[in-house]
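Nothing in this text is a laboratory measurement; each read-out follows from the coordinates by a stated rule. Because the structure is predicted, anything quoted here is derived from the model rather than measured. Don't worry about glycine lacking a Cβ; one is built from the backbone with ideal geometry, like all the others, and counts go over all protein chains shown.
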Amino acid sequence: MQAVGLVGIGMMVLVAACGPVVARTGSLNASQKAAIGRKIWQNECAGSVNGLTTWNAGEEFPSLGIGHFIWYPAGFKGRFEESWPQFAAFAKKWGANPPEVALERHSPWRSKAEFQKDFNGPRLTALRKWLAGNVALQTDFIIARSQAALPKILDAAPRSEKARIEANHRKVGTTPQGTYALIDYVNFKGDGTQVSERYQGRGWGLLQVLGEMKDVPAGASAASEFGAAAKRVLSRRIANSPPARGEKRWEEGWHNRCATYARPLHPL
């Protein structure tokens, strides 16, 4: 078994740069962070413990945790950023002790059938138990990814758009609900800087949503416009996607998720 810490170099750099996550969450208090974690868990797997280990129909990999972190089997090279090894490295960095299987470099399950056969076995049962007991750690990881996204986005953005994109990010992040929107969207659809995460040259990550936003005031209006822009970007992704993927079936659910960005964040 190859430990993820030997290969998750990019994530280790991110973790080192972020410093203690608790000190880098801006104006969010502990109750707001807990509410964000709960909302993301609800968004990704209906808040269920069984949903913490999932293999979605039509996909070639399992998705784990409240953020449905992607974990590729050996030999599979996917279009989307693989986030489970990053999370495993983050967990080890902060002194957590995930089950041994979590630290394998590649998913030990190579197909959905194999995964489902093992669903109630000791490995996946232990993973679910550990994940359910470490929601705050997963929330901190998702927040860290969101914080690391802005510098990458500004580096990748066209020079003429950098100032507007940064201003939009600032406007959205002035309220807890907007901060939730920024955090959730990076976990949901990425930062938008990876060339592989594009159809017909058009991306669908945070970079594209911030660029799509109309000019609105900071605060709740910006959070609402961010959600509306995200819907437009995701509908464009679906229109540009390969027909064989059948992404239209996800549009309603994606739009429902984006609609939560316009609602106040109620602390737990």
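Worth pointing out:
- Segment 157-262, relative contact order [Cα under 8 Å, separation at least 6], %: 29 percent
- Calculated [θ] (222 nm, deg cm²/dmol) that DSSP helices of n ≥ 4 give over the chain, each run adding -39,500 (n - 2.57): -16000 deg cm²/dmol
- Loop sites in segment 195-268: trypsin sites (Lys or Arg not before Pro), DSSP, at most 11 other Cβ within 10 Å: K214
- The value for segment 157-262 of Rg(Cα) / (2.2 N^0.38 Å) is 1.02.
- Helix screen, the chain: DSSP H segments with Cα axial length of 24 Å or more and mean Kyte-Doolittle hydropathy at least -1.0 are 135-156, 220-240.
- Distance from segment 101-127 to segment 233-268 (C-alpha centre basis), Å: 28 Å
- Modelled label reach - S221, point 7 Å along Cα→Cβ, segment 235-268 residues with backbone N closer than 18 Å: 262-264
- Protection proxy ranking for 146-152, 156-162, 108-114, using the average of other Cβ atoms within 10 Å per residue and placing the highest first: 146-152, 108-114, 156-162.
- The chain - convex hull of the alpha-carbon atoms, volume per residue in Å³: 124 Å³
- From least to most packed, judged by other beta carbons within 10 angstrom and beginning with the fewest, H106, H255 follow the order H255, H106.
- Mean sequence separation of contacting Cα pairs (under 8 Å, at least six apart), scaled by the length of segment 99-220, corresponds to a relative contact order of 23 percent.
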